[in-house]
Amino acid sequence: MQKTGNLKLIQELNRSIILKTIRHYGPISRSEIAKRNKISPTTVTAAVRKLLQQGLVFEDGVGASSGGRKPILIRFSPESRFVFGVAITNSSIKIAEMNLEAKVRRQKVFPIYNLTGKLVTDYLLKSIGQFLEKYSDLTKCIGISIVSPGIIDVDKGIIYENTKLKLKDIPLKEMVEKQFKLKTWLENDANAIALAEKRFGAYRKFKNLIYITIGDGVGAGIIVNGSIFRGCRGGAGEVGHTSIDRNGIPCDCGNTGCLENYVSWSAICSKVLFSVAQGKPTMMSELVKGDISRITPSIFRDALKKNDQLAKEIMKDTAAYLATGMVNLVNLFNPDIIILGGKVAYDNQFLLSQVKKLVFKQALTILTNKLEICSTSLREDFRMIAAATIPLQEIFHFSISS
């Protein structure tokens with residue numbers, strides 16, 4: 001009985017290795033797959049036959065002959081299955097249908113409208129249900145992958161705490177699986193984005209990586225020696241709740257002077273509104289046709305690019321606070337690279353240049369010697385790519401250290 005179980009496990013592992021090889025190197029012949037993985041041709045043939053039956057790969061022409069019959073080439077089929085990605089932020093829920101290469105095929109945004117607590121979870125379940133109404137057949141769906149800010153137990157699928165949305169001890173994985181009968185994953189958003197940068201982005205070579213997301217809140221995904229650093233309770237990376245001013249602004253978490261209250265989009269937006277109310281001139285007023293309450297991150301970035309003095313003044317102030325938090329991370333973790341993302345940092349070269357200057361000036365010199373500070377390399381739908389990365393990592397047995 002044990003031998004049968006072991007054999008099945010080996011067969012599944014071989015199929016996973018072979019699928020990963022086809023995905024990475026395809027179109028590729030069966031013999032080349034066997035050579036690359038040092039697996040017998042018989043094993044490869046059996047595994048490929050199963051993958052063909054499942055529709056995960058397909059035969060795609062013939063390759064060059066080395067003397068005998070031309071080999072049939074095998075190619076990965078990313079459209080054969082799909083996953084629902086769900087990205088929760090403090091202001092919205094975005095849901096997307098994505099293929100096995102993390103490409104968005106359909107998506108919809110559901111504003112949260114200042115909901116908190118149970119109202120948020122009820123709204124989330126309702127939103128997922130509404131998105132799924134268009135699907136009469138879910139047999140090719142591998143599941144639902146949810147990313148969210150907050151302290152999360154990945155194994156149990158529990159949001160232990162999200163102070164902005166007032167979520168505490170929410171068994172979200174269990175709730176979603178019970179309602180929709182689909183396998184569900186739950187991961188901290190910054191951790192998922194750090195993984196996505198490693199898997200689908202431009203920073204695959206780095207083993208010590210910190211991704212900082214600056215949006216409605218501030219969080220960090222930390223990869224140390226190729227592995228996600230989660231901490232004891234899954235709370236590592238809550239850099240937004242590190243205090244930079246002991247006499248500062250009270251935070252929802254109960255502390256004072258937390259970083260995110262100085263650099264998040266809500267903090268920036270508040271500074272814009274206050275400055276305009278004080279009569280400071282800015283082209284942002286023109287960009288929103290006189291209604292400054294309609295200011296968005298993209299409009300703010302547009303003003304920055306056009307050399308708006310108020311936008312530059314606010315961004316310099318924001319960069320100074322952010323650099324303080326980043327210096328702490330550099331001195332604690334000595335990373336190879338820090339990646340800035342989120343709606344404040346996305347496509348924001350002004351912020352990047354200011355932060356780099358300050359961090360390299362303030363952090364320990366030996367620790368900044370080879371440090372790189374870069375913008376996210378993912379597309380604008382980076383949260384959805386991150387959500388898809390979690391189940392894809394499981395399916396393809398990605399090694400983030402490779």
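The values are calculated or read from the model by the stated rules, or taken from the named source; none is laboratory data. Being a predicted model, the structure only gives us computed values, none of them experimental. Methodologically, a virtual Cβ is constructed for each residue, glycine included, from the backbone with ideal geometry; neighbour enumeration extends over all protein chains shown. Side chains are part of the model used for accessible areas, which takes the heavy atoms of the whole protein and leaves out ligands, DNA and RNA. Shrake-Rupley method; radii C 1.70, N 1.55, O 1.52, S 1.80 Å.
The table for this structure:
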read-out	value
Leading residue by the ranking (nearest to the chain's Cα centre (by Cα)) among those in the range 141-153 that are open to solvent by less than 10 Å² (accessible area, probe 1.4 Å) and more than 19 Å from I228 (Cβ to Cβ)	I144
Residues of the range 13-45 satisfying the condition of being within 33 Å of the chain's Cα centre (by Cα), open to solvent by less than 30 Å² (accessible area, probe 1.4 Å) and among the aliphatic types (A, V, I, L, M)	I18, L19, I22, I28, I33
Subset of the range 254-309 (residues that are at negative phi, open to solvent by less than 30 Å² (accessible area, probe 1.4 Å) and part of a loop (DSSP other than H, G, I, E, B))	L259, S264, T282, V288, I295, D308
Cross-chain or 6+ apart pairs with Cβ under 6 Å, the range 109-125 first and within 21 Å of T184 (Cβ to Cβ), then of a type outside the set (V, I, T) and open to solvent by less than 20 Å² (accessible area, probe 1.4 Å)	F110/S127; V120/L165
Yes/no for I228 being under 15 Å from the mean Cα position of the chain (by Cα), open to solvent by 30 Å² or more (accessible area, probe 1.4 Å) and within 18 Å of D153 (Cα to Cα)	yes
Matching entry among E313, E380 (being out of contact with any Pro (no Cβ under 7 Å at 6 or more places or on another chain), within 25 Å of A202 (Cβ to Cβ) and of a type in the set (D, E))	E380
Selection from the range 209-225 of residues that are part of a loop (DSSP other than H, G, I, E, B) and open to solvent by 50 Å² or more (accessible area, probe 1.4 Å)	N225
Test for K134: is it surrounded by fewer than 22 Cβ atoms within 10 Å (Cβ to Cβ), more than 18 Å from I95 (Cβ to Cβ) and among the basic types (K, R)	no
Residue within the range 327-340 that is among the aliphatic types (A, V, I, L, M), more than 30 Å from N191 (Cα to Cα), assigned to a helix (DSSP H, G or I) and touching a helix residue (DSSP H, G or I) at 6+ places or on another chain (Cβ under 7 Å) present	no
In the range 343-402, the residues that are open to solvent by less than 80 Å² (accessible area, probe 1.4 Å), among the polar types (S, T, N, Q) and not in a loop (DSSP other than H, G, I, E, B)	S353, Q354, T368, S375, T389, Q393
Filtered residue count, the range 233-253, keeping only those that are without any contact (Cβ under 8 Å) to a residue 40 or more places away in the chain and surrounded by fewer than 18 Cβ atoms within 10 Å (Cβ to Cβ)	7
Unique residue being more than 30 Å from L19 (Cα to Cα) and free of Cβ contacts under 8 Å to residues at least 60 places away in the same chain when the list is L322, L367, L340	L367
Conditions (1) under 21 Å from A388 (Cβ atoms); (2) not in a helix (DSSP H, G or I): number failed by Y160	(1)
Given (1) over 26 Å from G143 (Cα atoms); (2) part of a loop (DSSP other than H, G, I, E, B); (3) not aliphatic (A, V, I, L, M), index of the condition G240 fails	(2)
Criterion violated by S92 - all others in (1) buried (at least 21 other Cβ atoms within 10 Å of the Cβ); (2) within 30 Å of G219 (Cα to Cα) satisfied	(1)
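Rundown of residues vs (1) assigned to a helix (DSSP H, G or I); (2) more than 22 Å from the chain's Cα centre (by Cα); (3) surrounded by 13 or more Cβ atoms within 10 Å (Cβ to Cβ), yes/no style:
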{"site": "G85", "(1), (2), (3)": "no, no, yes"}
{"site": "E101", "(1), (2), (3)": "no, no, yes"}
{"site": "G129", "(1), (2), (3)": "yes, yes, no"}
{"site": "T139", "(1), (2), (3)": "no, yes, no"}
{"site": "D155", "(1), (2), (3)": "no, no, no"}
